[in-house]
């Protein structure tokens with residue numbers, strides 16, 4: 001393997017004093033773990049081109065004999081896949097001239113327009129901005145048994161809104177988008193991401209469908225008693241993604257906090273070696289239909305926001321259902337990756353929604369007041 005790209009290699013570690021500097025943030029996570037908000041967490045923080053925090057807390061499960069979380073623990077990042085993999089793949093294809101944001105979906109998937117005269121107006125831009133009118137979620141796994149069946153169902157689902165009329169966060173839209181990208185690239189989404197994103201950035205612990213040897217480093221996400229009837233560990237948590245074979249536009253990637261920090265550092269540095277700064281700027285720019293809460297693929301801070309109080313209005317990020325998140329602030333040259341398995345052993349708890357912004361504020365409060 002050759003030398004790392006310069007933009008990645010320049011992410012220098014500077015976290016020797018993290019225990020003292022971020023003591024309040026770590027105490028907050030420890031309390032959340034003790035309160036069973038989630039069994040453990042892995043964190044990476046970059047600031048001013050340095051890795052200022054890298055830490056694991058808690059365990060894989062609430063069992064005291066389960067493995068401890070470390071910075072090398074690999075998590076199912078759920079919908080963070082939408083930006084790490086799918087959106088970034090779209091950026092690369094756009095820069096190559098192989099993806100036109102205003103191309104109708106039906107130009108790539110003719111069957112998409114067959115059932116509704118409104119559907120020919122839906123563009124790739126609308127899918128990325130969650131303004132297509134495609135439904136947000138549908139448990140297709142309950143009636144589809146193969147990848148082909150589920151894709152066909154996703155592509156032909158009735159619209160829930162007039163295209164371009166409103167923003168509705170849509171897993172189904174990103175399932176469709178992932179299939180489009182694979183066809184435009186003429187290779188499966190996971191292979192494209194490995195060759196053009198994960199590999200070039202040196203994300204050695206990031207993949208779809210982790211190999212069996214990685215399983216001991218991956219916390220379980222749920223004791224699934226309804227669909228697969230087993231503990232879900234080392235395989236995608238999302239049921240629709242599971243039927244799709246673990247590779248989908250909306251979910252399926254596994255990663256570490258450190259790898260996500262390297263990815264964030266790439267974007268903070270203008271996108272090299274993946275894309276040019278102009279392409280990054282285009283994809284993180286607010287879409288007018290989204291009322292400044294959505295960009296192309298990316299979420300933007302609202303008020304209140306899961307990013308907390310200190311991220312600037314220029315920030316962008318994404319959450320994952322399993323309890324993972326990534327927020328990036330180009331104005332402050334800052335990123336925070338927080339990975340948990342809050343869905344263990346069951347997915348009902350929403351406590352992370354209060355813990356996450358408090359944690360971001362505890363971290364950023366220290367950095368903001370140290371300038």
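Count, please, the residues in segment 58-70 that happen to be part of a loop (DSSP other than H, G, I, E, B) and either crowded, with 18+ Cβ neighbours inside 10 Å or over 23 Å from the mean Cα position of the chain (by Cα) (or both).
The total comes to 9.
For segment 355-371, a residue qualifies if it is touching a strand residue (DSSP E or B) at 6+ places or on another chain (Cβ under 7 Å) and at pLDDT below 95, and exactly one does: 367. Filtering segment 100-114 to residues that are under 27 Å from the mean Cα position of the chain (by Cα), in contact (Cβ under 8 Å) with a residue 24 or more places away in the chain and closer than 18 Å to residue 158 by Cβ leaves 105, 109, 112. So which of 164, 136 ends up being modelled with pLDDT under 95 and over 19 Å from residue 187 (Cα atoms)? Result of the check over 164, 136: 164.
Quick one: would you say residue 77 is crowded, with 23+ Cβ neighbours inside 10 Å and within 30 Å of residue 179 (Cβ to Cβ)? First the steps, then the outcome.
Values: crowded, with 23+ Cβ neighbours inside 10 Å: yes; within 30 Å of residue 179 (Cβ to Cβ): yes.
So residue 77 passes the test.
Restricting the search to segment 330-354, which residues are outside any loop (DSSP other than H, G, I, E, B) and either in contact with a strand residue (DSSP E or B) (Cβ under 6 Å, 6 or more places away or on another chain) or buried (at least 24 other Cβ atoms within 10 Å of the Cβ) (or both)? Of everything in segment 330-354, those that are outside any loop (DSSP other than H, G, I, E, B) and either in contact with a strand residue (DSSP E or B) (Cβ under 6 Å, 6 or more places away or on another chain) or buried (at least 24 other Cβ atoms within 10 Å of the Cβ) (or both) turn out to be 334, 335, 336, 337, 338, 339, 340. If only residues of segment 29-48 that are more than 21 Å from the chain's Cα centre (by Cα) and over 24 Å from residue 333 (Cα atoms) are counted, the one that is surrounded by the most Cβ atoms within 10 Å (Cβ to Cβ) is 32.
I'd like to know if segment 250-257 contains one or more residues that are in a strand (DSSP E or B), at pLDDT below 95, touching a helix residue (DSSP H, G or I) at 6+ places or on another chain (Cβ under 7 Å) and under 30 Å from residue 47 (Cβ atoms). No: zero hits. Set side by side, the residues 241, 281, 261 differ, and just one is without any contact (Cβ under 8 Å) to a residue 12 or more places away in the chain, part of a helix (DSSP H, G or I) and surrounded by 20 or more Cβ atoms within 10 Å (Cβ to Cβ), which is 241. The residues of segment 115-141 that are in contact with a helix residue (DSSP H, G or I) (Cβ under 8 Å, 6 or more places away or on another chain) and free of Cβ contacts under 8 Å to residues at least 24 places away in the same chain, listed by number, are 120, 123.
Which one of these is over 30 Å from residue 60 (Cα atoms) and in contact with a helix residue (DSSP H, G or I) (Cβ under 9 Å, 6 or more places away or on another chain): 278, 239?
278
If you filter segment 303-321 down to residues that are under 30 Å from residue 345 (Cα atoms) and part of a loop (DSSP other than H, G, I, E, B), you find that the one that is farthest from the chain's Cα centre (by Cα) is 304. Counting residues in segment 220-233 that are under 17 Å from the mean Cα position of the chain (by Cα), in a loop (DSSP other than H, G, I, E, B) and either surrounded by fewer than 18 Cβ atoms within 10 Å (Cβ to Cβ) or modelled with pLDDT under 95 (or both) gives zero.
The values are calculated or read from the model by the stated rules, or taken from the named source; none is laboratory data. All values derive from a computational prediction rather than experimental measurement. Reconstructed Cβ throughout: ideal geometry from the backbone, glycine too, with neighbour counts over all protein chains shown.
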